[in-house]
């Protein structure tokens, strides 16, 4: 995953988390706000109902008191106070009086509790209301809830009692209004709210006893458990139900117990508040939040993409610059500007590459000078040896000519012989340098490395056990199934031969020469080890530098040629050495060399320095070619 | 002395003149139209036409008694319509009928020239018209009699001759349970019905015939026995319920049925009162029905026979008629047998009450089975 992708995903996740947290927070806060608003609304409605309830109660009290104060009622009381009063005369009075005073329930009751006239149950005359005869200050009681028996069954009434006393006899006037759908209809409720009334008139929950302003509530069984809870523990409570799986059908309820004079539960008022608008509003807010989130994400992603691209572009340029540097283009520059850290980094990078280029040029120049000096020293050294005999021979000829003319011919013959011999040496020296300069391009063909190794060992068999020098024991560890590679057999033979010669030179006291072949990933590996005196780390560093040698008569071209051959085959060469233990050369050759021109390891006329070696040179091993 | 004699003569003359005017006002007068209002609605006076309900039948019977001068042995009228004291002068179906006096009727021409009968007038309107002088004659419900009298209406009351009773429908499970029938019969406070609902116009009925008819009514108990009723009802297994039907539009019947429901509830009896169509057979769900039985004769044997004829098919009673010369004991035994079965539960006897306008004179309450004696009624001329 690229740095840009990582940065993009970091931005995206951060954006998602931020937007999600904000959206969740907004939703929760909105929900709480709606809940608070709804609760306040319901509480206000409950308070309104309680106020309305009290007002209705006072109204009922006034109406009943109005009946008690009416002249007809007083006359009735006076009449009934007489001995053997005929109560049957008044049996139908309650109906008319209740209609004129707009009361649903009205009973005229004698002092013994016997009903004289009843509006809600006219046929019940003569029966007694015993609860009326119990001591009670009815005038201070005000209104109260009561279960009223009617000919249609029990009903819930908001009642009041008033009395007219004549002598020692009371006439009770019991009046009230029915609490039912008409009562609920008279309540002014805001849109989306409704009032339900459960009349607790039966021992068990009766669905038909739950009414709203239009009559029995549909699906009232859903409220049975809440009403049962209210019946067990009469108190204000709130709950919410969903009539259907659709959240829009949810409705919040506030339950208000309706209790009678003795705190007995007579009914439950349920103030229902439809959550439809709230849910719709929540859905709108949620949709809006989702829309904002989506838009935010969209634009956030775009901005993230643009931002990451903008942020990573200089980094990418830096990476490309670094890659160019790694590929050898030390003059690579990064086109990044700005005062930020990346800009500073780019400036530093450019300064670094500039310095690297300058230092490399200086180094190359220095190496070139050093190489020329080494070459000059080597040439001087190589040429000095033949030149001195030449000079001596020519001086002998001059001296023989002047001092011993008679021996001049003899001297001349010997001297010309020496001159020719030394000139031949000079030609050989020049030839070796010429050969190194003219290293041929490899001509590839199938090569079995094992065969090459075996051929070389066989070539040097006589020298391993030559008389007059300590024996060298060759050990071959050749892998049987070594793959055939594409290589130039002659050049490969020459390179291995040089390494074997170096190893033999490194073991003047004899030792073991080990040659091992293996293969890995299609490449062939060759290890050539000796048990010589080994090399120092400094020697290893300069081992493959041309014309570098630690031998008295080496040209310093042997390992340079080996490295050139290996490099021309696309391989690698490295050296491991430990002083007093020995040295091992590791060559890795690919099955097929890459199709590219061989790097210019061959020193040209102006630059005697080869490319940087891949491993340390072996100063003791340069004698192979130059020996 | 002379002055005193003159004053005396003057006082005597004035007294005689006043006495003569009073005598003149009590003398029957021919002429005038008797304005009658009835609650029933008649759509036909055709003898072959069957009345829609008992009220229509009763009203038609009253009008026929004015139009015909003869009756068959079974009580139906004989002869030609108009052969009686009056003939039909004007007929508007369902609204009113005008009867004109027959001049050559045997026994003498009626005093009034005509009778205008307005049909379909509610009881409240009839009373208002009586009070306002817009009607001369109207039947008034018993429960309204006292209030009408208090308002100054002349009220004429007959002997109790209409029986209100509960008749259990034969074949219904609960109706076939003697305990259930007796429990209901014993739970009813008949006195309360008479005193409160009927405003003391009527008598509690324990038997089928009123006391004035056979003289044996006192032998039947009318007292309520809620405890006994409760005990009887508790002997019935399950949780039965009696459906008591009453005719739609019958406000008195409704009130009585509701009171019976209260009494039954007090005795633990499950009973509901339901309205049913008048004159229609009782619906299948109705176990008992509130009925009005009108005495067709003053004679106890005939009256009981009339009751029996109506009740037998309804309650599954023995339809066999009493002997023509049945003695009082036999009539009582038959009456006792019917009442003891509790298939018929007598409740109250109702009198027939008539409201009379101030100018109606010589009105006599008709005996049971007789029609309105309008031929003998005359109208006092209203003072100018």
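The values are calculated or read from the model by the stated rules, or taken from the named source; none is laboratory data. Just so it is clear, the model here is predicted, and its values are computed rather than measured. Heads up, the Cβs are rebuilt from the backbone with ideal geometry, glycines too, and the neighbour counts pull from every protein chain shown.
Here are some notes:
- Flag for residue A:107 being away from chain B (no Cβ under 14 Å), outside any helix (DSSP H, G or I) and at pLDDT 90 or above: no
- Counted residues, region B:336-362 - those being surrounded by fewer than 19 Cβ atoms within 10 Å (Cβ to Cβ) and assigned to a loop (DSSP other than H, G, I, E, B): 4
- In summary, residue B:124 fulfils each of the numbered conditions (1) more than 14 Å from chain A (Cβ to nearest Cβ); (2) under 25 Å from residue B:57 (Cα atoms); (3) surrounded by fewer than 19 Cβ atoms within 10 Å (Cβ to Cβ) with the single exception of condition (1).
- Matching option when the condition is under 23 Å from residue A:517 (Cα atoms) and exposed (fewer than 12 other Cβ atoms within 10 Å of the Cβ), among A:424, A:461, A:479: A:461
- Filtering region A:73-100 to residues that are assigned to a loop (DSSP other than H, G, I, E, B), more than 25 Å from residue B:254 (Cα to Cα) and in contact with a strand residue (DSSP E or B) (Cβ under 7 Å, 6 or more places away or on another chain) leaves only A:81.
- Failed condition for residue A:515, given (1) part of a helix (DSSP H, G or I); (2) buried (at least 18 other Cβ atoms within 10 Å of the Cβ): (1)
- Looking at A:491, A:476, A:482, just one residue is in contact with a helix residue (DSSP H, G or I) (Cβ under 7 Å, 6 or more places away or on another chain), under 20 Å from residue A:587 (Cβ atoms) and in a loop (DSSP other than H, G, I, E, B), and that residue is A:482.
- Residue list for region A:71-98, filter: without any contact (Cβ under 8 Å) to a residue 12 or more places away in the chain and surrounded by fewer than 19 Cβ atoms within 10 Å (Cβ to Cβ): A:71, A:75, A:79, A:82, A:83, A:84, A:85, A:86, A:96
- The condition of being more than 21 Å from residue A:26 (Cβ to Cβ) and surrounded by 14 or more Cβ atoms within 10 Å (Cβ to Cβ) holds for only one of A:336, A:278, that being A:336.
- Filter result for residue B:252 (farther than 18 Å from residue B:343 by Cβ and either out of contact with any helix residue (DSSP H, G or I) (no Cβ under 6 Å at 6 or more places or on another chain) or surrounded by 18 or more Cβ atoms within 10 Å (Cβ to Cβ) (or both)): yes
- Test result for residue B:306, away from chain A (no Cβ under 14 Å) and in a helix (DSSP H, G or I): yes
- Among residues of region B:155-198, those that are part of a helix (DSSP H, G or I), surrounded by fewer than 22 Cβ atoms within 10 Å (Cβ to Cβ) and away from chain A (no Cβ under 14 Å), counted: 3
- Residues of region B:49-81 satisfying the condition of being in a loop (DSSP other than H, G, I, E, B) and either in contact (Cβ under 8 Å) with a residue 60 or more places away in the chain or under 23 Å from residue B:39 (Cα atoms) (or both): B:49, B:50, B:51, B:52, B:53, B:68, B:75, B:76, B:81
- Checking A:545, A:536, A:517 one by one, the residue that is in contact with a helix residue (DSSP H, G or I) (Cβ under 6 Å, 6 or more places away or on another chain) and either over 17 Å from residue A:459 (Cβ atoms) or in contact (Cβ under 8 Å) with a residue 12 or more places away in the chain (or both) is A:517 and no other.
- Of the strands (runs of 3 or more DSSP E) contained entirely in region A:120-222, those carrying at least 2 residues that are within 60 Å of the chain's Cα centre (by Cα) fall at A:193-199, A:210-212.
- Condition met for residue B:273 (in a strand (DSSP E or B) and either buried (at least 18 other Cβ atoms within 10 Å of the Cβ) or without any contact (Cβ under 8 Å) to a residue 24 or more places away in the chain (or both)): yes
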